[in-house]
Every structure is written in structure tokens, then in C-alpha cells.
Amino acid sequence: MFDYFLILVFTGVAAAMVGVVLLIARVIAPRGWSRSKGRPYECGVGTIGPTWIRFNVGYYLFALLFLVFDVEAAFLYPWALVFREVGLTGLIEVGIFVLVLIVGLAYAWRKGALEWV
Amino acid sequence: MSVFSPAAVIAAPQVFEVKTLASRAATALPGSLLESALYVLLAVVWIVALLALTGLALIYLERKIAGHFQCRLGPMRVGPHGIFQTVADTIKLLVKEDFVPDGADKVLHVVAPFLALTATILLLVILPLSPILQAADMNIGVVYVTAISGFGVMGILLGGWSSNNKWSMIGAMRAGAQIISYEISATLALLVVVLFAGTLRLSGIVQSQADGWWIWRAHGVGVVAFVIYVIASTAEINRTPFDIPEGESELAAGFHTEYSGIRFAFFFLAEFINMFLVAGFAATFFWGGWMPFHVGGLDGFNSVMDLVPAGAWFAAKTSALVFLVMWFRWTFPRLRVDQMMRLEWKILLPVGFVNLFAAALVVLYGLYFFPGT
């Protein structure tokens, strides 16, 4: 358990380190505001329209596929860990499980979800 | 028998006893609270020093190597051969104005570099540099590595989104799509190592390579897994040829376009330490980490190899991999988004699955070198 406690400590250390350096920068760095400095940098041309708009659906499709395979990887870790004990039976069972997902990938591939548009 | 006689050294190969700071502190914990607090302090000092020194060294190396690849000298002015150039740059970044653009989401804009650097530091904690130099050694090591390296994308995504800038937005979205995609392949490659090692603990994985590193002991599947891991993690840390999220010729600077001063430095530092981490983890999983070059059964040969300290083995392997990643940058042109996605989903993912099942068969029938030990 002590290792997990260390992780907690280091989460705090990371935040403290960044915080201290930010504080130093706040003290010694100049600050000021002007209209043109605050504008978003888009290569000198004034920005047109809002930034937070609806985005290309392609990203969403890949995120969905990622979700499927990432959860699947979470299931594969315990299997890989005890593989020597479960042996061939375990391999066949995991094979069936992964096959279902691969059929899904093949379907997505066939439907053109893997093409970037 | 004298300790210094060569016969005594050659006779028995060294047994590496893993005593990480955390395990020492855990044994000290019931005894004295002060002692374990001291260990925590030591771990904190060590990690912070490692972060700062590796950052300085890597940024200098990157520029020098880039220079020499292009028949230039690289930084030469500040200090002998420019070794203080990074220090000068750090001071410059510290005194630069650090501002949030108009219309940006102020809280997220400030928090994003925190997240990026926190993920990096949390990964440094678990990296085994030698049997002793490992701050924490959890029983879920490999899962932790996968989870936290996935967490790093949050900083990039939030930083790009909160900037109220179209370049940042596009860069962040690309980074998100790229990092989550390549994470699957990296995970599949790590699963091969877990299959062989039978443990998720990082020190356990290193010790499982006492008869030989998995890259050659695993009969081919190790090599394939290693290549997949290196490609996938190069993409995960946004290094060329996968630097599409910050492609400077199309997106100004990608997700950190609106970052300046010290908060830009945090993103920059996180990126360089991530390169060190990727090299370190690839060395740990596939090249034996701090484990010297051993061949199972050849005890005489192994004990000669043990004369080189474990930390030096780790340093040599990691530097070689860091150089490889820097070499990529000056060799491969940047990929397009569609090429990058095709490489992952249509090539690396199917190959990764086939490789995983080949590895399972190799483990099942004991087809790899020295399966008995």
C-alpha cells in the first residue's frame, strides 16, 4: 500500500512544483494588457467566427472504436497475468472474445469508418 | 576465500535484490514514522532532481544532435560547447510574460500544463533505473503505465480547447485522436511482455529477464512487439514523424500556440521527459531494463556482464533509444492525418493482435529460449 501512498504524495509534489514555479514567474515576469495582444494568434488575420464549434465526426468514430478496444485491453491484462495457469482453455476463450471484437473492427472497416474524411 | 579473488566473482552470478525506496519505507513504517517520512522526502528530492537534470540534458542533446545531423554545430555560445544554453533558455522563459488570451477559458488554460506535467512526474516515479533507484514499485505496474500515459492527453486536449484559438483547437483534437488510437497498439505490445513475464510489477518484469532480454528470448514475437511499441509510443508523445498536433508548417504551434512563458515551458519539459520515459519503458520491457546482458546457463559469461553496474546498463539502453527517437525526427517526414490513422487502425492494430496470439502460443508450448527457468 505504501507505493500507492507515494503516488498520492507525488501528485501533490507535481502540483506544488508547478505552483511554485508559476508563482516565481508571476513575481518576476512583466504583465500588461493591450487589445491586440489579447487577440487569439491566427497568423495576424482577425479571427472569424467562434472557436468552439461542432467538430468533424471522424474524431468521434475513432473515439468510439478506441473505447471498445481499450476496455478489451483491460480484460486482457488479467488473462495475460494468469496465462500459464489457464493454458489452452484460456487462450481459446479469449480467442472467442477477441474474435467478436475483430468482427466489429472488420465491420467498421468495411463500412468505411476507418477512412479519414 | 578472499572476496577479491576472480574465482569468487566468476563462480556465482550476482543475484539482484530489489529494494526500492517504497519497499524500504514500508518495512521501516511499523518501526518509526520518522524513518519512512525520510524515505518519502528522499524519493521526492530524487524525482525532482531527475526531472530537472534529464530535462536540461535532453533539450541540450536534442539541439546538438539536430545540429550535427544537419552539418551544423548546434548551440556553441553559452558556456563551453553551449552546455548552459538550456539554463539560459529556462531563465528567459521564466521572465517572459505569461498571459491568457481574451475569451479563453482561464481556469482550464492554467490547469492544462499542470495535468501534462503531473502525468509525466507520476510516470517517473515508477521507472526502475536500477534495483534501488525506483521510487514506487506497484503490483499493477504495467496497467499504471498505460493508464497514466493515457492521462497525459488530458493536458494537451484541455490546453488546446481552452485557448480560444482555431490552431490550438485543431491541434488538440488531432492529438486526442492520435494518442488514444496509438495507445491501443502500445497496450497490445505490452501484453506480449506480460504474457512472458507473468507479472505486472515492473521490478518483476526486469527480473524475469535474468536469463535474457525478452526482445531476443521471445523468438521473434518480442521483436515485433518492440517495433510496435516504439512506433506507438513515438506517436503517443507527439514526436516526429507523428507531430501532426503541433505541425508548425500548418498549425502555427498546434495545441500550445497560445501558451507563452513558463507555462509553455511546462508543456515543453513534459514532452522531453516523456521521450526519456518512453525510451526507459521500452528498455525496461524489452531490453531488460537494468538487467545486464545475460544468457541463461552461461554463468561465467553472466557474471562478467554483472561487473558493469545495473544503473549503467539502464543508462546505456535508454540513451540508445532516446537517440533512436531523435534520429527518427531527422529521417522521416511528417505523416498526414489520414496516413497516421491508417497506419494505426489498418496496420499496427491487426499486426498487434496476430502478434499477441502468436506470443500466447509461444508461451503455451514453451517455444522461447530457456522456458524452464
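The table for this structure:
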{"read-out": "Test: residue in the range A:52-65 that is over 30 Å from B:GLY352 (Cα atoms) and β-branched (Val, Ile, Thr)", "value": "yes"}
{"read-out": "Residue match in the range B:315-335 (condition: part of a helix (DSSP H, G or I), open to solvent by less than 40 Å² (accessible area, probe 1.4 Å) and among the small types (Gly, Ala, Ser))", "value": "no"}
{"read-out": "Check on B:ASN302, in contact with a Leu (Cβ under 8 Å, 6 or more places away or on another chain) and either crowded, with 21+ Cβ neighbours inside 10 Å or touching a residue at least 40 places away in the same chain (Cβ under 8 Å) (or both)", "value": "no"}
{"read-out": "Qualifying residue in the range A:88-111 (condition: at pLDDT below 85 and open to solvent by 60 Å² or more (accessible area, probe 1.4 Å))", "value": "no"}
{"read-out": "Number of the condition not met by B:LEU58 [criteria: (1) among the aliphatic types (A, V, I, L, M); (2) part of a loop (DSSP other than H, G, I, E, B); (3) at pLDDT 90 or above]", "value": "(2)"}
{"read-out": "Filter result for B:LEU367 (in contact (Cβ under 8 Å) with a residue 12 or more places away in the chain and open to solvent by 50 Å² or more (accessible area, probe 1.4 Å))", "value": "yes"}
{"read-out": "Which numbered condition B:THR118 fails, given (1) within 9 Å of chain A (Cβ to nearest Cβ); (2) surrounded by fewer than 22 Cβ atoms within 10 Å (Cβ to Cβ)", "value": "(2)"}
{"read-out": "Count - residues of the range B:185-236 that are within 13 Å of chain A (Cβ to nearest Cβ), surrounded by fewer than 23 Cβ atoms within 10 Å (Cβ to Cβ) and over 20 Å from B:HIS294 (Cβ atoms)", "value": "1"}
{"read-out": "Some residue of the range B:159-166 being among the basic types (Lys, Arg) and closer than 30 Å to B:LEU367 by Cβ", "value": "no"}
{"read-out": "Check on B:LEU94, open to solvent by 10 Å² or more (accessible area, probe 1.4 Å) and within 8 Å of another protein chain (Cβ to nearest Cβ)", "value": "yes"}
{"read-out": "Candidates B:VAL125, B:VAL110, B:VAL142, B:VAL153 - the one that is in contact (Cβ under 8 Å) with a residue 24 or more places away in the chain and open to solvent by 50 Å² or more (accessible area, probe 1.4 Å)", "value": "B:VAL110"}
{"read-out": "Pairs with Cβ under 6 Å, 6+ apart, first in the range B:319-348 and more than 25 Å from A:PHE62 (Cβ to Cβ), second of a type in the set (A, V, I, L, M, F, W, C) and in a helix (DSSP H, G or I)", "value": "B:LEU321/B:ALA279; B:LEU321/B:ALA282; B:LEU321/B:ALA283; B:VAL322/B:ALA279; B:MET326/B:ILE65; B:TRP330/B:PHE69"}
{"read-out": "Of all residues making up the range B:76-115, the number that are touching an Asp or Glu at 6+ places or on another chain (Cβ under 8 Å) and of a type in the set (Gly, Ala, Ser)", "value": "1"}
{"read-out": "Search result, residues across the range A:1-17 that are facing chain B (nearest Cβ under 7 Å) and within 14 Å of B:ILE47 (Cβ to Cβ)", "value": "A:ASP3, A:LEU6, A:ILE7, A:VAL9, A:PHE10, A:THR11, A:VAL13, A:ALA14, A:ALA15, A:MET17"}
{"read-out": "Residues that are open to solvent by 60 Å² or more (accessible area, probe 1.4 Å) and within 22 Å of B:LEU269 (Cβ to Cβ), drawn from the range B:57-80", "value": "B:LEU61, B:ARG63"}
{"read-out": "Checking A:ARG84 against (1) open to solvent by less than 30 Å² (accessible area, probe 1.4 Å); (2) more than 23 Å from B:ILE148 (Cα to Cα); (3) of a type in the set (D, E, K, R), the condition it does not meet", "value": "(1)"}
{"read-out": "Options B:ALA189, B:ALA116: the member that is under 18 Å from the mean Cα position of the chain (by Cα) and closer than 30 Å to B:HIS219 by Cα", "value": "B:ALA189"}
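Per-residue answers, yes or no, for (1) in contact (Cβ under 8 Å) with a residue 40 or more places away in the chain; (2) of a type in the set (A, V, I, L, M, F, W, C); (3) farther than 22 Å from B:LYS96 by Cβ:
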residue: A:PHE5; (1), (2), (3): no, yes, yes
residue: A:PHE10; (1), (2), (3): no, yes, yes
residue: A:MET17; (1), (2), (3): no, yes, no
residue: A:PRO30; (1), (2), (3): no, no, no
residue: A:ARG35; (1), (2), (3): no, no, no
residue: A:GLY46; (1), (2), (3): no, no, yes
residue: A:ARG54; (1), (2), (3): no, no, yes
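Residues checked against (1) part of a helix (DSSP H, G or I); (2) of a type in the set (A, V, I, L, M); (3) closer than 22 Å to A:VAL71 by Cα:
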site: B:THR146; (1), (2), (3): yes, no, yes
site: B:SER149; (1), (2), (3): yes, no, yes
site: B:VAL153; (1), (2), (3): yes, yes, yes
site: B:GLY176; (1), (2), (3): yes, no, yes
site: B:VAL192; (1), (2), (3): yes, yes, yes
site: B:GLY212; (1), (2), (3): no, no, no
site: B:VAL223; (1), (2), (3): yes, yes, no
site: B:PHE226; (1), (2), (3): yes, no, no
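The values are calculated or read from the model by the stated rules, or taken from the named source; none is laboratory data. A quick note: this is a predicted structure, and the numbers were derived from the prediction, not measured. Cβ: placed from backbone, ideal geometry, glycine included. Neighbour counts: every protein chain shown. We work out accessible area using only protein heavy atoms, side chains counted, and drop any ligands, DNA or RNA first. Shrake-Rupley method; radii C 1.70, N 1.55, O 1.52, S 1.80 Å.
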